[in-house]
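In what follows, a structure is listed as structure tokens, so that the remarks can point back to it.
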Amino acid sequence: MAQPNESTSTPQPQAKAASTDDPTGGLGSFALISDIHGNMDALQIVLADIKDRGIKRVCCLGDIIGYGPNPCECLDLVMNNCEWALMGNHDFAALYEPTAFNASAEAAAFWTRRQFELEEDPVKRRRRWEFLGSLEIRHQFHGTLCVHASPRRPINEYVFPDDVITSPSKMAQIFDRIEKRCFCGHTHVAGVFTDEPDFYPPADLNGRYRINNGEKCIINPGSVGQPRDRDPRASYAIVSSETVDFVRLEYPIQTVIDKINEVPELNEFLGQRLLEGR
Ligand SMILES: [Fe+2]
């Protein structure tokens, strides 16, 4: 099968813009953000970049909170800027309970929940809880499925780049649940899975995946607030009718580390990993 960036399909005419082949659903380009993890400094830089590019629509694949020092601010920014947002495992943890979390993730989840409880304004407090509780598990449009984690287990299953080698049957089962495309986060690793199966990090695609409608794909925009692909810059993607562009942006990491270090419930490792992008 052709490499994703070697699509031979001809450009689609304007009249096809709202067809099921259009990953924007005919509504125009949108920015896809995920795994913000309470990192307000990274989110502000990303939202400013999206605005500078004139992109009006922003959609969020979940994990708005958890790990980072500014959960309330991040939730407010997503509430005020995103067209829709999904439930991630860390959003679920703060709202309901942490499941299968390690000790530092669990401590961070309970601290995060406390920050929402400490809000003195009852209207703000209630609005945040209601928003968290209304996050979608799945969002679907025009042959596109959006989940936080995977089509099989939308909140919790990791789809790792290595799975294309080590778990081809897992990848086959996951692709079986996708009509054309899936957008997901959760691993904090940006890139494109094709149903060969194969995985292409953005660097292998020169930062752009060209939608090939004969090829199923799973696209991960990477993480805004806690990248884990050894690149510490904030990551997001821009989805257009024929392409997905991967964007990386520097942000003041040390500011976030200093804030994490001021909170005893947030493990120092959570700051250190931001510097290393892991
Ligand atoms: Fe996450």
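With the cut-off at 1.5 for a/c, could you classify the range 133-249 from its C-alpha gyration tensor as rounded, prolate or oblate?
rounded
Any chance you could give the angle, 0 to 90 degrees and rounded to 10, that helix 71-81 forms with the longest Cα principal axis of the chain?
40
For the chain, with the dipole built from +1 on Lys and Arg beta-carbon atoms and -1 on Asp and Glu ones, taken about the Cα centre, which of 200, 249, 55 lies farthest toward the positive end?
The listed residue farthest towards the positive side: 55.
In nm, what is the difference between 0.36 nm times the number of residues separating residue 176 and residue 208 and their Cα-Cα distance?
9.0 nm
Please state the shape class of the chain: rounded when a/c is under 1.5, otherwise prolate if a/b exceeds b/c and oblate if not, all from the C-alpha gyration tensor.
Prolate, because a/c is 1.5 or more and a/b exceeds b/c.
Work out the charge dipole of the chain with +1 on the Cβ of Lys and Arg and -1 on the Cβ of Asp and Glu about the Cα centre, then indicate which of 140, 172, 269 is farthest towards its positive end.
So the residue furthest toward the plus end is 140.
Normalised by the number of residues in the range 38-276, what is the relative contact order in percent for Cα pairs under 8 Å and 6+ residues apart?
It rounds to 19 percent for the range 38-276.
Go ahead and estimate [θ] at 222 nm for the chain from helices alone: -39,500 (n - 2.57) per DSSP H run with n ≥ 4, summed, over the residue count, rounded to 500.
Rounded to the nearest 500, it is -9500 deg cm²/dmol.
Quick check for me: using +1 on Lys/Arg Cβ and -1 on Asp/Glu Cβ, what's the dipole size of the chain about its Cα centre, in debye to the nearest 20?
The calculation lands at about 500 debye.
Give the residues of the range 212-251 whose amide nitrogen is closer than 20 Å to a point set 7 Å from the Cα of residue 196 in the direction of its Cβ.
Under cut-off, by backbone N: 212-221, 243-246.
In percent, how large is the relative contact order of the range 204-278, given Cα pairs closer than 8 Å and 6 or more residues apart?
32
Before anything else, pin down the relative contact order of the range 77-199: Cα pairs under 8 Å, at least 6 apart, normalised by residue count, whole percent.
23
Net charge near residue 234, counting Lys/Arg +1 and Asp/Glu -1 over other residues with Cβ under 11 Å of its Cβ?
Net of charged neighbours comes to -3.
Per residue of the range 54-63, what does 6.51 cos²θ - 1.76 cosθ + 1.60 with θ = phi - 60° give for ³J(HN,Hα)? Whole Hz please, x for Gly and Pro, Karplus curve as stated.
With coefficients 6.51, -1.76 and 1.60, one gets x, 8, 8, 9, 10, 10, 10, 8, x, 6 Hz.
Once you sort the root eigenvalues of the Cα gyration tensor of the range 72-145 as a ≥ b ≥ c, which label holds: rounded (a/c under 1.5), prolate (a/b larger than b/c) or oblate (the other case)?
Numbers: a/c = 2.51, a/b = 1.23, b/c = 2.05.
Judged from the Cα gyration tensor, the range 72-145 comes out oblate (a/c at least 1.5, b/c at or above a/b).
Modelled label-to-label distance, residue 99 and residue 240, 7 Å Cα→beta-carbon offset: nm?
That separation, rounded to one decimal, is 4.0 nm.
Length gain on complete extension for the stretch residue 250 to residue 233, per 0.36 nm per residue less the alpha carbon to alpha carbon distance?
5.6 nm
Which entries of 51/259; 124/170; 170/259; 51/124; 51/216; 124/216 have Cα-Cα distances beyond 32 Å here?
Violating the 32 Å Cα-Cα cut-off are 124/170; 170/259; 124/216.
How many angstrom lie between the C-alpha centres of the range 92-126 and the range 205-278?
23
Each value in this text was obtained by applying a stated rule to the coordinates, not by laboratory testing. Since the model is a prediction, treat every value here as computed from it, not as a measurement. FYI the Cβ positions are ideal-geometry reconstructions off the backbone, even for glycines, and counts take in every protein chain you see.
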